[in-house]
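For reference, the structure discussed in these notes is given below.
The values are calculated or read from the model by the stated rules, or taken from the named source; none is laboratory data. Computed from a predicted model, the values in this text were never measured in an experiment. So basically every Cβ, Gly included, is an ideal-geometry build from the backbone, and we count neighbours across all protein chains shown. Note: areas computed on protein heavy atoms with side chains; ligands, DNA, RNA excluded. Shrake-Rupley method; radii C 1.70, N 1.55, O 1.52, S 1.80 Å.
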Amino acid sequence: MGIFDFFKKKNNRQENISTPVQEIAIPEEKIVEEAAEEVVEVTPEIKQEIPSQPQPVEEPSVNEEYEKIKTYNDYIVYSIALQLRGEYTPISAFEKDNGEIEGFVYMVTEDAYALPVHEAISKMEEKFEKELQEGKIRSYMILYHSQFDHNDNHNPATQEGEFKAISLSYHFKGADKAKTGLPYIFENETVTYKGFAEFSHEENNGIMNHQLIDGKEYFTNTEGIAAPETTNEAGIIVRKSNVHNLINTWSGIFGHENFQTKDYGQYLTSVLMQSTVADPLGESKGKTEFEDVRFKTVITDELSTIMPEVKTDYTLDFETRSVREWENALNLQAIVAGPARNTFGIWFFATDYAENRNIYLTQPHLNVNISGIVLILDAHEGTDLPDGTKMSEEFTTYMPSQTLPNYACFDFIAKVIDFKETELLEDGSIKGYIVKLKLITHEEAEDFFTIDAFVNKENMRFENLTKGMKVTGALQLQGKIAD
């Protein structure tokens with residue numbers, strides 16, 4: 001198992017899929033045959049019988065909307081496949097003049113920024129409507145997750161509880177724009193698709209049983225989306241992010257396995273709610289303040305959040321060169337980057353960004369407290385680097401994480417200078433260490449870059465810490481402006 005195998009995204013909704021198509025009862029058509037009256041002409045000598053006329057055979061009716069929609073079967077099924085992988089990005093496809101269908105999607109050019117759903121849908125529609133009017137395409141379809149529930153509400157779903165269906169917004173040349181939806185429900189760990197209400201059982205099965213071709217590239221048309229970036233008057237580069245969260249950070253606090261099996265999210269929510277009301281007895285403080293770590297709450301009219309902060313007295317002189325603000329946290333959380341001690345570069349999650357945002361954006365030269373949360377810790381044996389390079393026994397290093405970019409995460413080889421046991425939560429059930437890690441070995445300065453870091457015992461791959469030992473792993477740096 002690699003260091004970062006713990007961070008593979010697990011989405012409980014993708015464990016199983018059930019796709020029974022809702023059978024829509026259609027009243028049985030009854031053909032009432034009226035007996036043809038026998039016409040008889042009687043003469044004294046001849047009785048003549050006129051033969052009955054055969055009943056006309058009705059041709060089966062063609063569902064024109066179904067014929068249109070099934071043109072895009074590939075992309076309906078592809079959208080379902082994405083959902084089962086835990087991905088909810090809008091996708092689209094268009095029909096070329098020769099009848100070929102090709103896919104189109106906006107691509108994230110970096111892991112920090114994704115086009116907001118409303119904006120992606122709007123840009124797709126604008127693009128395809130223009131091409132349809134110019135005669136470049138014959139039709140198009142945009143597929144996205146919505147609040148549709150057998151009603152006319154095709155508003156995009158963006159929050160938990162709103163996800164009700166895959167909406168199909170389409171326009172064929174010579175016809176009006178139209179929308180329909182494929183409702184689904186979540187039951188335990190299963191997604192059940194209920195079928196298009198306006199289609200028959202057989203028609204729904206024709207769509208849901210469609211097979212994608214292995215290895216085929218369905219999105220041959222893409223457009224890259226870059227994160228917004230500006231440089232302010234202080235010369236600080238301000239970049240935006242809208243996909244990041246603190247899941248890995250809390251996983252480092254509670255332990256990766258423990259975090260997945262216990263509902264700590266509910267615990268943190270309750271602590272946060274208690275922090276929003278007056279507490280004259282100070283009872284809520286006992287749930288957020290521990291000897292070596294505090295659970296810091298940020299309460300505003302628009303955002304309430306909670307984050308872990310490792311206590312430390314370690315201070316660095318630092319120059320802010322860039323700030324990556326998290327738009328999805330209303331720009332009240334950020335990763336701050338720049339040189340420390342005028343020599344080595346660091347970036348850290350600023351636990352005080354909500355209250356000190358203006359200082360970070362206008363005053364580049366700061367003194368900051370730096371600490372860390374260790375995500376994985378293992379014993380480092382030998383002195384060779386992974387590429388075989390020979391290093392001295394005193395060698396230490398840290399390098400930006402390739403697995404968790406833009407989270408202020410680093411892979412490291414460090415020396416344990418000191419450590420002590422510590423506990424979190426009221427019952428002391430979270431057990432770990434505060435470890436003093438030397439990340440840079442400097443001949444003249446013992447603590448040139450030596451930080452205090454919390455590690456949960458669950459996230460350690462060995463049993464016993466000892467002073468002076470070499471360790472390796474991954475950590476997230478955090479910091480705040482020093483008092």
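Cβ-Cβ under 7 Å, sequence separation 6+ or interchain: first residue in the stretch 185-205 and free of Cβ contacts under 8 Å to residues at least 60 places away in the same chain, partner outside any loop (DSSP other than H, G, I, E, B). Which pairs? Once the first residue is free of Cβ contacts under 8 Å to residues at least 60 places away in the same chain and sits in the stretch 185-205, its partners that are outside any loop (DSSP other than H, G, I, E, B) give ILE185/THR192. Inclusion of GLU444 among residues that are in contact (Cβ under 8 Å) with a residue 12 or more places away in the chain, out of contact with any Leu (no Cβ under 6 Å at 6 or more places or on another chain) and surrounded by fewer than 21 Cβ atoms within 10 Å (Cβ to Cβ) is not warranted.
The single condition among (1) within 29 Å of PRO228 (Cα to Cα); (2) surrounded by fewer than 20 Cβ atoms within 10 Å (Cβ to Cβ) that GLU134 does not meet is (1). The set of residues in the stretch 77-98 being at pLDDT 95 or above and closer than 18 Å to ARG138 by Cβ consists of SER92, ALA93, PHE94, GLU95, LYS96.
Quick one: which residue in THR403, THR351, THR389 is in contact with a helix residue (DSSP H, G or I) (Cβ under 6 Å, 6 or more places away or on another chain) and either exposed (fewer than 13 other Cβ atoms within 10 Å of the Cβ) or of a type in the set (Ser, Thr, Tyr) (or both)? Criteria check complete, one pass: THR403. Within the stretch 233-255, residues that are in a strand (DSSP E or B) have Cβ atoms under 8 Å from residues that are buried (at least 19 other Cβ atoms within 10 Å of the Cβ) and among the polar types (S, T, N, Q) in these pairs: SER241/ASN406, counting only partners at least 6 apart in sequence or on another chain.
How many residues are buried (at least 17 other Cβ atoms within 10 Å of the Cβ), touching a Ser or Thr at 6+ places or on another chain (Cβ under 7 Å) and part of a strand (DSSP E or B) when one looks only at the stretch 292-306? Even if it seems obvious, please write down each step before you answer.
Going through the stretch 292-306, the residues buried (at least 17 other Cβ atoms within 10 Å of the Cβ) turn out to be 292-298, 305-306.
Checking the rest, the ones that are also touching a Ser or Thr at 6+ places or on another chain (Cβ under 7 Å) come to 292, 294-298, 306.
From the residues that got through so far, the ones that are part of a strand (DSSP E or B) too are 294-298, 306.
Of the residues in the stretch 292-306, 6 are buried (at least 17 other Cβ atoms within 10 Å of the Cβ), touching a Ser or Thr at 6+ places or on another chain (Cβ under 7 Å) and part of a strand (DSSP E or B).
Contact map, the stretch 143-158: first residue without any contact (Cβ under 8 Å) to a residue 40 or more places away in the chain, second residue assigned to a loop (DSSP other than H, G, I, E, B) and β-branched (Val, Ile, Thr), Cβ cut-off under 6 Å, separation 6 or more or different chains; the map is empty.
Go through the stretch 453-476 and count every residue that is surrounded by fewer than 22 Cβ atoms within 10 Å (Cβ to Cβ) and in a strand (DSSP E or B).
Filtering the stretch 453-476 for residues surrounded by fewer than 22 Cβ atoms within 10 Å (Cβ to Cβ) gives 457-458, 460-470, 472.
Now narrow it down to the ones that are in a strand (DSSP E or B): 460, 470, 472.
Matching residues across the stretch 453-476 total 3.
Here is the figure for the stretch 182-207: residues that are open to solvent by less than 30 Å² (accessible area, probe 1.4 Å) and either touching a Pro at 6+ places or on another chain (Cβ under 6 Å) or of a type in the set (A, V, I, L, M) (or both) total 3. Sort out which residues of the stretch 327-386 are outside any loop (DSSP other than H, G, I, E, B), under 26 Å from ILE434 (Cα atoms) and without any contact (Cβ under 8 Å) to a residue 12 or more places away in the chain, and write them in order of number. Matches in the stretch 327-386: GLY345 only.
Per-residue answers, yes or no, for (1) part of a loop (DSSP other than H, G, I, E, B); (2) open to solvent by 50 Å² or more (accessible area, probe 1.4 Å):
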residue: GLU102; (1), (2): no, no
residue: MET107; (1), (2): no, yes
residue: GLU129; (1), (2): no, no
residue: PHE148; (1), (2): yes, no
residue: THR180; (1), (2): no, no
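What do you reckon, is GLU217 in a loop (DSSP other than H, G, I, E, B) and within 25 Å of the chain's Cα centre (by Cα)? Show your work before the answer.
Numbers: in a loop (DSSP other than H, G, I, E, B): yes; within 25 Å of the chain's Cα centre (by Cα): yes.
Yes: the conditions hold for GLU217.
State yes or no: is LYS431 in contact with a Gly (Cβ under 7 Å, 6 or more places away or on another chain) and in contact (Cβ under 8 Å) with a residue 12 or more places away in the chain? When the stated conditions are applied, LYS431 does not pass them.
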